[in-house]
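Undergrad: Next up is a structure, given as structure tokens.
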Amino acid sequence: MTRADAGPRVERGLPMVLPGDDPAAIAEAAALLRAGELVAFPTETVYGLGADALDPAAVARIFAAKERPSFDPLIVHLADALEVGDHAEAADASDPRVARLAARFWPGPLTLVLRKRDHIPGIVTAGLPTVGLRVPDHPVARALIRAAGVPVAAPSANRFGRVSPTRASHVVRGLGPRVRLVLDGGPCRVGVESTVILLAEGRAALLRPGGVPAEAIETEIGPLEIATPGAPGSAALAPGGSGAHYAPRARLEIVDPFGPGAAHRLRARPGERLGLLATSSAGAEAARAIGGPFAAERLLAADGDPVTVAAGLFEALHDLDAAAVDRIVAQPMPAVGLGRAVMDRLRRAAREA
């Protein structure tokens, strides 16, 4: 969208949407961040709602815009892995496992939770002594952070608990005038949030599955503790750790079309608009054979490839919401590799976490 197109949208109360590959747009967004305003920008995972991580008042605007509870910490985005030592305690920043993971997976969808230095405001970390840091793998995101000259705190650019945005249009639809400017970088490549790993004080724990499979991380640094959902403090350490999260407006149910009792759960009730979210062609065919009729369908990957499924998951949920379905039945997939992240998001959307 051009600036000429964006102008009238501001008058109607919607944010400016500017092309992320325009240096002038990057400069404008960076100036807004430095002034304490909110800017939405693309990453390889989802679109983030950014503020200067060192400005408590600006960060507070994130919580207000998202209606996000203050106990949920934020991830701080950096332009370069060399900046970790600026914001994490020396003992954690110099942990050789940090260097190994950064060399392998950064820029990329991996967040490392380390003990924070004192200048990181408590509002960013929900009062915790740790902070999540990552270097996003998107040229627009890194250009914005460099131009702003500050670390950028950024959760997903949506209202709390709703489906994460993977296109600029999702941000505009979900947040409207709550954000000043959206940098449009096209659709997100990975499509699910970052994997979150706790490495503070020598620990190595998986707090949230995401865009980097846990198995790949274990290849680099050895076995991970698996944080138990609902265990004291486990959810609080990771962004997006609350149970009901990533939820579409329609009620979502996870139904295996090949499992017992599937026929009953896959049938539309009288007057109900039923949506189907299939992770494979075989699953879609099985669901149609025993269920329906479906008012809307989305097939994420014909062959069930978890990378393709993850990349399209949130967009498919946005599409099914736009189709005004009353209920969504979602096909599960093996919780291995990126499939673990997909199933985590589906369980949270179904409020099964």
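The values are calculated or read from the model by the stated rules, or taken from the named source; none is laboratory data. From a predicted model like this one, the values you see are computed outputs, not experimental measurements. Glycine also receives a Cβ, built like all others from the backbone with ideal geometry; neighbour counts cover every protein chain displayed.
Undergrad: Could you list, in sequence order, the residues of the stretch 64-98 that are assigned to a helix (DSSP H, G or I) and either touching a helix residue (DSSP H, G or I) at 6+ places or on another chain (Cβ under 7 Å) or within 20 Å of VAL179 (Cα to Cα) (or both)? Break it down into steps so the answer makes sense when it comes.
TA: Here is the first cut: in the stretch 64-98, the residues assigned to a helix (DSSP H, G or I) are 64-66, 81-87, 90-93, 96-98.
Hits for the stretch 64-98 are ALA64, ALA65, LYS66, ALA81, VAL84, GLY85, ASP92, ALA93, ARG97, VAL98.
Undergrad: Also, I was wondering about something else. Filter the stretch 203-219 down to residues that are crowded, with 24+ Cβ neighbours inside 10 Å and more than 27 Å from ASP319 (Cα to Cα), then give me how many there are.
TA: Counting residues in the stretch 203-219 that are crowded, with 24+ Cβ neighbours inside 10 Å and more than 27 Å from ASP319 (Cα to Cα) gives 1.
Undergrad: Which condition breaks for ALA200 when tested against (1) at pLDDT below 95; (2) surrounded by fewer than 15 Cβ atoms within 10 Å (Cβ to Cβ)?
TA: (2)
Undergrad: I've got another one for you. Quickly run through the stretch 86-108 and pick out the residues that are free of Cβ contacts under 8 Å to residues at least 24 places away in the same chain and under 17 Å from PRO136 (Cα atoms).
TA: First, pick out the residues of the stretch 86-108 that are free of Cβ contacts under 8 Å to residues at least 24 places away in the same chain: 90, 93-94, 96, 99, 103.
Result: ALA99, ALA103.
Undergrad: Counting only residues that are modelled with pLDDT under 95 and hydrophobic (A, V, I, L, M, F, W, C), how many does the stretch 248-261 have?
TA: Residues meeting the conditions: 1.
Undergrad: Residues of the stretch 90-120 being of a type in the set (Asp, Glu) and surrounded by 19 or more Cβ atoms within 10 Å (Cβ to Cβ), which ones? Before you say what the answer is, go through the steps one by one.
TA: Just the residues of the stretch 90-120 that are of a type in the set (Asp, Glu), to begin with: 92, 95, 118.
Within the stretch 90-120, ASP92, ASP95 qualify.
Undergrad: Name the strands (runs of 3 or more DSSP E) wholly within the stretch 240-326 that hold at least 2 residues that are touching a strand residue (DSSP E or B) at 6+ places or on another chain (Cβ under 6 Å) and surrounded by fewer than 21 Cβ atoms within 10 Å (Cβ to Cβ)? Explain how you work it out, then say what you get.
TA: Working: elements: 251-254, 274-278, 296-299.
It comes to 251-254, 296-299.
Undergrad: Being assigned by TED's automatic domain parsing to the domain that holds LEU54, at positive phi and of a type in the set (A, V, I, L, M, F, W, C) narrows it down to one of ALA126, ALA103, ALA141, so name that one. Break it down stepwise before answering.
TA: Working: ALA103 fails: at positive phi; ALA141 fails: at positive phi.
After ruling out the rest, the residue left standing is ALA126.
Undergrad: Does ASP72 satisfy the condition of being surrounded by fewer than 21 Cβ atoms within 10 Å (Cβ to Cβ), under 14 Å from the mean Cα position of the chain (by Cα) and not β-branched (Val, Ile, Thr)?
TA: Against the criterion (surrounded by fewer than 21 Cβ atoms within 10 Å (Cβ to Cβ), under 14 Å from the mean Cα position of the chain (by Cα) and not β-branched (Val, Ile, Thr)), ASP72 qualifies.
Undergrad: What's the number of the only condition in (1) modelled with pLDDT of 95 or more; (2) outside the structural domain of TYR47 (by TED's automatic domain parsing) that CYS188 fails to meet?
TA: Failed condition: (2).
Undergrad: Examine the stretch 33-49 for a residue that is part of a loop (DSSP other than H, G, I, E, B), under 29 Å from PHE314 (Cα atoms), among the aliphatic types (A, V, I, L, M) and modelled with pLDDT of 95 or more, and state whether such a residue exists.
TA: yes
To keep it simple, each residue is scored yes or no on (1) more than 29 Å from LEU300 (Cα to Cα); (2) in a helix (DSSP H, G or I); (3) of a type in the set (Ser, Thr, Tyr).
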{"site": "GLY132", "(1), (2), (3)": "yes, no, no"}
{"site": "VAL140", "(1), (2), (3)": "no, yes, no"}
{"site": "ALA143", "(1), (2), (3)": "yes, yes, no"}
{"site": "ARG146", "(1), (2), (3)": "yes, yes, no"}
{"site": "SER164", "(1), (2), (3)": "no, no, yes"}
{"site": "GLY176", "(1), (2), (3)": "no, yes, no"}
{"site": "VAL182", "(1), (2), (3)": "no, no, no"}
{"site": "LEU207", "(1), (2), (3)": "no, no, no"}
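Undergrad: Pick out the one residue from ARG134, ARG189 that is within 25 Å of ARG34 (Cα to Cα) and not aliphatic (A, V, I, L, M). Break it down into steps so the answer makes sense when it comes.
TA: Numbers: ARG189 fails: within 25 Å of ARG34 (Cα to Cα).
On inspection, the qualifying residue turns out to be ARG134.
Undergrad: Within the bounds of the stretch 134-141, is there any residue that is buried (at least 22 other Cβ atoms within 10 Å of the Cβ), without any contact (Cβ under 8 Å) to a residue 60 or more places away in the chain and not charged (D, E, K, R)?
TA: yes
Undergrad: Something else now. Going by what's in this entry, would ARG173 be described as basic (Lys, Arg) and under 15 Å from GLY50 (Cα atoms)? Quick ask: steps written out before the conclusion?
TA: Values: basic (Lys, Arg): yes; under 15 Å from GLY50 (Cα atoms): no.
Here the answer is no, as ARG173 does not meet what is asked.
Undergrad: Right, here's the next one. Would a scan of the stretch 109-120 turn up a residue that is in contact (Cβ under 8 Å) with a residue 60 or more places away in the chain and hydroxyl-bearing (Ser, Thr, Tyr)? Walk me through how you get there before you give the answer.
TA: Start the filter on the stretch 109-120 by keeping residues that are in contact (Cβ under 8 Å) with a residue 60 or more places away in the chain, which leaves 109-115, 119-120.
With the extra rule that they be hydroxyl-bearing (Ser, Thr, Tyr), the set shrinks to 111.
Yes, there is a match, as at least one residue in the stretch 109-120 is in contact (Cβ under 8 Å) with a residue 60 or more places away in the chain and hydroxyl-bearing (Ser, Thr, Tyr).
Undergrad: Find the residue count for the stretch 184-205, including only residues that are closer than 26 Å to PHE71 by Cβ and not in a helix (DSSP H, G or I).
TA: Pass one, the stretch 184-205, residues closer than 26 Å to PHE71 by Cβ: 192-205.
From what's left, not in a helix (DSSP H, G or I): 192-199, 203-205.
Residues flagged as closer than 26 Å to PHE71 by Cβ and not in a helix (DSSP H, G or I) within the stretch 184-205 amount to 11.
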